[in-house]
Amino acid sequence: MLATAIVEKNAYDVALENFDLAANALDLEDNIRTMIKYPERILSVSVPVRMDSGKVVRFEGYRVQHSTLRGPAKGGIRYHPNVTVDEVKALATWMTWKCAVVNIPFGGGKGGVTCNPKALSLGELERLTRRYASSILPLIGPEKDIPAPDVYTTPQIMAWIMDTYSMNKGYPVHGVVTGKPISLGGSLGRNEATGRGVFYTTVSSCRHLGISVEGARVVVQGFGNAGSIAAQLFHAAGTKVLAVNDTRGCICNLKGLDIPAVIAFKNRTGSVVGFPGADSIKQEELLALECEILVPAALENAITVENAHTIHARIVSEAANGPVTPEADRILDQNGVFLIPDILCNAGGVTVSYFEWVQDENHLFWDEQDVNNRLEKVMTRAFQDVLKIHLDRKVNMRLAANMLGVSRVADASRVRGLYP
Ligand code: GLU
C-alpha cells in the first residue's frame, strides 16, 4: 500500500543531511567538508556474555569517534535492542556539533550495545559491560575518548567501566568516564544536568517568545532521566505538566499532573501507567495535545512526516537526540513552531560531564550550586549564540545550531591543517 511506503531516513542519513544544510549555509569550502563530515574511527566488537543459565550469548557493540578536532571524543553509551552502527554513527556526529555549540573542548563520540537491558539480571549486565569495556579499551581514555551514560545506561554501569579500565591500567583512572556515582568522582548535579539544560533553554525560549513560564502547559514524551527531571523542574516552576508517558503507556490530567508523585509512583511500580487521578491516552493523542511546550525525551523519530501536522505546541524542546525528522522539521517550521534543537537543548548533560572530567583531572570538587550556576551560564550563552544566528541569518533554530557547531569545528580543522 502506498500509505505505508513512506520510509523515514535512518538516523545517520539525517545527520549527514543536516550537516550538508549547515555547510551550504556557511558556504564551507569542500576540503574542510571532506575533513570534518565523517567519523574518524569506527570500532565494531563482538561481546560474548555468560548468562545466568550457563549459556553464552553474543551481543554486538560499537564505539564511534566522529571527531577529535576540538578535544577528546565525548559521548554516551546506549544499551537498546534497536542499536545499529548507523545509529551510533549518527549519535557520535551529533555529539561533535553539540560539544561545539556549548563550546566545551571535546569532540564527538558514541557507543552502543544491541541488547535489551531490561531482560538482563544485574550480574549479566555487569559481565556484558565489563566485556564491552575491555573490547573498546584501546580506544578510550581521559585524553582520547570519554564515555558517559545514554539511553538505559546508568552511573553503576559507568563505575564498572571505570573499574575495568583501571584494573587493566593498574591504577585508578577516574576521568575515563563521566556520569559516575558521586562516591567514585562523579559530579554533583550530573544526574539532573540534561533535564536542567532542557529547562534553561526552554525558559530562554519562553522569554524570547513572550510566553509566561508560570501557568504554561507542558507535555513530556518519554520519562527516563532527561524527561522526568525536566518535568520535575517545569512542575516546580509553576507550569502545568499535562501528560507524560513511558514505554508502557501515556497518562494525562488536563489540570496538571503532580510530578513528584508520578516519579514516586514510577519508582515504586516501574511505570507511570496506573497513576491515580490521570487518564490513559494514546501516544498520538499525547503528541497532539494543545500546549505551549512539547518535550520529546525518548528516542529518534518520535515526530515524523506522519504526525508533525498534529503538533499544537508553540515550543518543541528536543530533550532526546534526533526526535524530529527533517521532513517533520519543515512541517513544524511552516506551522510556526519554535524548535530548540537537540544539540542545544540536551547539551546540559555533556556540559556537566565536562565539569566532572575537569574536577576528576584536578582532584578538586565543586558544590552543587556551583555546578548548576556554571551550567546555567553555559546553556544561556549557547542559546543566545544560536538565537543570534537564527535572527541575523533568518534560518530556523536547527540550522542555526548546526551552523554554529559546524563552523567551530571547521575553524579548528582549518588551523590544525591536514596531517601529514
Ligand atoms: N548521552 C548524553 C548525550 O547524548 C551525554 C553524553 C556525555 O555526557 O558525554 O548528550
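Figures for the structure shown
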{"item": "Helices (runs of 4 or more DSSP H) contained in the stretch 325-379 and holding at least 3 residues open to solvent by 40 Å² or more (accessible area, probe 1.4 Å) and under 27 Å from Val176 (Cβ atoms)", "result": "348-362"}
{"item": "Unmet requirement for Glu318, which otherwise passes all of (1) without any contact (Cβ under 8 Å) to a residue 60 or more places away in the chain; (2) open to solvent by 20 Å² or more (accessible area, probe 1.4 Å); (3) under 18 Å from Val101 (Cα atoms)", "result": "(2)"}
{"item": "Members of the stretch 333-350 found to be within 11 Å of the ligand (Cβ to nearest atom) and charged (D, E, K, R), listed by number", "result": "Asp342"}
{"item": "Criterion: over 23 Å from Asn10 (Cβ atoms) and within 22 Å of the chain's Cα centre (by Cα) - qualifying residue of Asn402, Asn372, Asn362", "result": "Asn372"}
{"item": "From Ala400, Ala319, residue being under 24 Å from Pro296 (Cα atoms), in a loop (DSSP other than H, G, I, E, B) and either among the hydrophobic types (A, V, I, L, M, F, W, C) or modelled with pLDDT under 95 (or both)", "result": "Ala319"}
{"item": "Any hit, the stretch 46-62, residues being in a helix (DSSP H, G or I) and surrounded by fewer than 18 Cβ atoms within 10 Å (Cβ to Cβ)", "result": "no"}
{"item": "Checking Glu285 against (1) open to solvent by less than 70 Å² (accessible area, probe 1.4 Å); (2) in a helix (DSSP H, G or I), the condition it does not meet", "result": "(1)"}
{"item": "Filter pass, Val198 being part of a helix (DSSP H, G or I) and either more than 19 Å from Asn346 (Cβ to Cβ) or within 12 Å of the ligand (Cβ to nearest atom) (or both)", "result": "yes"}
{"item": "Hits in the stretch 79-102 (condition: crowded, with 24+ Cβ neighbours inside 10 Å and part of a strand (DSSP E or B))", "result": "Tyr79"}
{"item": "Options Ala159, Ala133; residue that is closer than 20 Å to Val64 by Cα and either assigned to a helix (DSSP H, G or I) or modelled with pLDDT of 95 or more (or both)", "result": "Ala133"}
{"item": "Looking only at the stretch 63-78, and only at residues there that are open to solvent by less than 30 Å² (accessible area, probe 1.4 Å) and not in a strand (DSSP E or B), the one that is nearest to the ligand (Cβ to nearest atom)", "result": "Gly76"}
{"item": "Qualifying positions in the stretch 108-140 - in contact (Cβ under 8 Å) with a residue 60 or more places away in the chain and open to solvent by less than 10 Å² (accessible area, probe 1.4 Å)", "result": "Val113, Leu128, Tyr132, Ile136, Ile140"}
{"item": "Residue that is nearest to Pro117 (Cα to Cα), among those in the stretch 149-192 that are β-branched (Val, Ile, Thr) and within 15 Å of the ligand (Cβ to nearest atom)", "result": "Thr153"}
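The values are calculated or read from the model by the stated rules, or taken from the named source; none is laboratory data. No experiment lies behind these values; they were computed from the predicted model shown. No Cβ is skipped: glycine too gets one built from the backbone with ideal geometry, and neighbour counts run over all protein chains shown. The area values use the complete protein model at the heavy-atom level, side chains included, leaving out ligands, DNA and RNA. Shrake-Rupley method; radii C 1.70, N 1.55, O 1.52, S 1.80 Å.
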